[in-house]
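Only one structure is covered here, and it is reproduced in the block below.
The values are calculated or read from the model by the stated rules, or taken from the named source; none is laboratory data. Since this is a predicted model, take the numbers as computed values, not measurements. Here the Cβ positions follow ideal geometry from the backbone for every residue, glycine too, while neighbour counts run over all protein chains shown.
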Amino acid sequence: MTFHQCNRLITSKKHKESAVIAALRLHITTRPSSRNKTVLFFSLYMYIITTRSCFKQIEKDQKSRISILEKTMPKKGLKERIQAGDNIIVAEGYVFEFERRGYLRAGCFVPEVVLEHPEQVKAVHEEYVHAGSDVVLAFTYYGHREKLKLIGREDELKSLNIKALRLAKDVADRTNALLAGNICNSTIFKRDCPDAVEKARAIFKEQIEWAISEGVDYIVAETFSEYAEAALALECIKEYGKVPAVVTMIAHAEDKTVDGLAFGEAMNKLYAAGADIVGLNCGRGPTTMLSLIRDIRKTYKGPMAALPVPYRTTPDEPTFQSIINLGNR
């Protein structure tokens with residue numbers, strides 16, 4: 001099903017009494033072998049018609065799925081799945097989803113909802129698993145020291161991270177899903193400034209150690225504009241976490257990192273440095289991300305992740321930040 005078909009389905013009167021969950025999955029055909037299959041991350045867009053019968057059906061379906069999954073065989077780890085050539089679906093997009101629902105402040109995008117409405121976070125984790133996610137990713141994106149300092153809640157840093165991890169762990173344990181920790185761009189990294197590098201390292205270190213304390217299966221490090229910061233995050237996962245690492249970068253308007261590397265080269269360097277999966281996230285919608293992935297695949301042959309944003313980006317407007325309202329042209 002295409003994105004446009006999903007939209008038509010969602011807006012049709014025929015489906016007013018049902019919850020329609022639309023997810024666009026990228027199918028990359030440039031894989032060299034079944035052993036090196038591309039790992040598919042996708043941004044989950046939920047359009048739920050708020051009728052009583054709709055939510056009753058969602059609750060019934062979720063309980064049924066969880067009951068079945070509790071009785072399944074022990075889960076395979078990330079490395080095992082990669083070695084088996086599995087595709088792995090990781091539902092994410094918490095920032096967009098909670099902003100849409102009114103639980104996240106635009107601008108700072110700090111996951112305060114974890115502390116203020118934990119029941120909502122847990123419910124979204126369950127919805128994502130019900131929609132087909134193999135992994136529950138803790139919502140600690142932008143839950144780091146620098147971001148909480150900006151909103152005056154630095155004293156709640158640890159409690160927010162631990163709470164987010166435990167909410168995710170509860171759902172992962174009950175649904176036999178993998179549990180992933182999450183770190184992201186520090187917002188203060190400067191590769192030529194030793195003090196900034198050490199501050200970024202400290203940010204990564206404490207979030208990684210909290211994730212390990214709660215028993216994550218692996219850690220996702222995401223949304224890095226610079227190869228140097230992505231490499232630092234990977235180094236920290238290997239040093240302080242000693243669990244599998246997924247490292248993804250954000251592509252802006254140009255098809256290269258902010259520090260000047262072609263993305264294919266950056267992916268190869270991260271993979272050689274010990275990342276289990278590398279790839280792209282955020283910034284670009286499916287169309288403009290897919291074209292870059294095909295270019296990366298010319299030189300990088302390992303497992304790859306892709307998480308586009310839910311926007312109809314085009315070659316003229318390759319990122320969602322560059323989209324211009326037609327009425328303003």
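Can you tell me which of ARG201, ARG191 is surrounded by fewer than 22 Cβ atoms within 10 Å (Cβ to Cβ), in contact (Cβ under 8 Å) with a residue 40 or more places away in the chain and charged (D, E, K, R)?
Result of the check over ARG201, ARG191: ARG191.
Give me the pairs: first residue in region 148-168 and farther than 15 Å from GLY107 by Cβ, second residue surrounded by fewer than 13 Cβ atoms within 10 Å (Cβ to Cβ) and among the small types (Gly, Ala, Ser), beta-carbon distance under 9 Å, and six or more apart or on different chains, which are they?
Partner pairs satisfying both residue conditions: ILE162/SER213; LEU165/SER213.
Step by step: first the residues of region 271-329, then only those that are acidic (Asp, Glu) and surrounded by 16 or more Cβ atoms within 10 Å (Cβ to Cβ), then the one that is nearest to VAL220 (Cα to Cα). Which residue is that? Break it down stepwise before answering.
First, pick out the residues of region 271-329 that are acidic (Asp, Glu): 276, 295, 316-317.
Those left that are additionally surrounded by 16 or more Cβ atoms within 10 Å (Cβ to Cβ): 276, 317.
Working: ASP276: 10, GLU317: 28 Å.
Out of the qualifying residues, it is ASP276.
Could you tell me whether region 241-255 includes any residue that is charged (D, E, K, R) and within 15 Å of GLY283 (Cβ to Cβ)?
Checking region 241-255: at least one residue is charged (D, E, K, R) and within 15 Å of GLY283 (Cβ to Cβ).
Given the residues PHE139, PHE98, which is the only one that is modelled with pLDDT of 95 or more, at negative phi and assigned to a helix (DSSP H, G or I)?
PHE98 is the lone residue from the list that is modelled with pLDDT of 95 or more, at negative phi and assigned to a helix (DSSP H, G or I).
When you scan region 204-253, how many residues do you find that are in a helix (DSSP H, G or I), surrounded by fewer than 19 Cβ atoms within 10 Å (Cβ to Cβ) and of a type in the set (S, T, N, Q)?
Counting residues in region 204-253 that are in a helix (DSSP H, G or I), surrounded by fewer than 19 Cβ atoms within 10 Å (Cβ to Cβ) and of a type in the set (S, T, N, Q) gives 1.
Residues are listed down the side, and each one gets a yes or a no for (1) farther than 29 Å from LYS242 by Cα; (2) crowded, with 18+ Cβ neighbours inside 10 Å; (3) in contact with a Cys (Cβ under 9 Å, 6 or more places away or on another chain):
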residue	(1), (2), (3)
ASN87	no, no, no
ALA91	no, yes, no
PHE98	yes, yes, no
ARG101	yes, no, no
GLU127	yes, yes, no
SER159	no, no, no
